[in-house]
Amino acid sequence: MSQLDPVVLFFLLGLGAGLARAELKLPTAIYEFVSMILLLSIGLKGGIQLSSQPLGTLLVDVVLVILLGLLLPLLAFPVLRFVGRLPRPDAASVAAHYGSVSVGTFAVAISYAAVQSIEYEPFMPLFVVLLEVPAILVGIVLARGISRRTRWRALGREIFLGKSVVLLLGGLLIGWIAGPQGLSSVEPLFFGLFKGVLALFLLEMGLIASAHLTGA
């Protein structure tokens, strides 16, 4: 029997349905709800694990991850801009993706690790947030440039108050403060349904990917 995680098959279902132009689409409200549950679930799981670990031991790792999030977009941008000949906004956007982590990809990875009984460090969700923020910052600056007219307060709000950062970081803090016992009442929603929520998320990702491939 194949060891392929079933949630990956949902992505392939969405991709195939989209390429076949099937009448299949996840309603916007449901997709927003699914993405919120997914982000909070990842954050809560990381927060629970962090609650049992001294944060001081992570200081060096945190600094290195932030530097990595800043460095990767800076390295990718000139290659995309001058070798790939992409327009500046497109090169900056793609470069920012090199520095950040796809939440969907991360969720599939930790799901696969759990199925295969592969252990991983509990603070990985924290690193997802730490990579997201500097990558977005560098991407925006590369796309818009820096001038006296740069509105740093608005830029900060755009970065730190984005949905993914707020939900991931908020989930981490809630999980860290409440711990496993405190979150037992919401466990069925955020942990029990995690794989099902991830499956719906990847179904929509497959549909979106097919739309890009077909130019729809």
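For this structure, a couple of remarks:
- Looking across Leu155, Leu142, one residue alone is in contact (Cβ under 8 Å) with a residue 12 or more places away in the chain and either crowded, with 17+ Cβ neighbours inside 10 Å or touching a Pro at 6+ places or on another chain (Cβ under 8 Å) (or both). It is Leu142.
- Selection count, the range 19-45, where residues are at pLDDT 90 or above and touching a Pro at 6+ places or on another chain (Cβ under 8 Å): 0
- Yes/no for Val165 being part of a helix (DSSP H, G or I), surrounded by fewer than 20 Cβ atoms within 10 Å (Cβ to Cβ) and either aromatic (Phe, Trp, Tyr) or within 16 Å of the chain's Cα centre (by Cα) (or both): yes
- Residue in the range 197-208 that is of a type outside the set (Val, Ile, Thr) and outside any helix (DSSP H, G or I) present: no
- Sole exception among (1) closer than 18 Å to Leu200 by Cβ; (2) at pLDDT below 90 for Leu13, by number: (2)
The values are calculated or read from the model by the stated rules, or taken from the named source; none is laboratory data. Remember, it's a predicted structure, so these values are computed and weren't measured experimentally. When we count neighbours, we look across all protein chains shown, and the Cβ atoms used for this are built from the backbone with ideal geometry, even at glycine.
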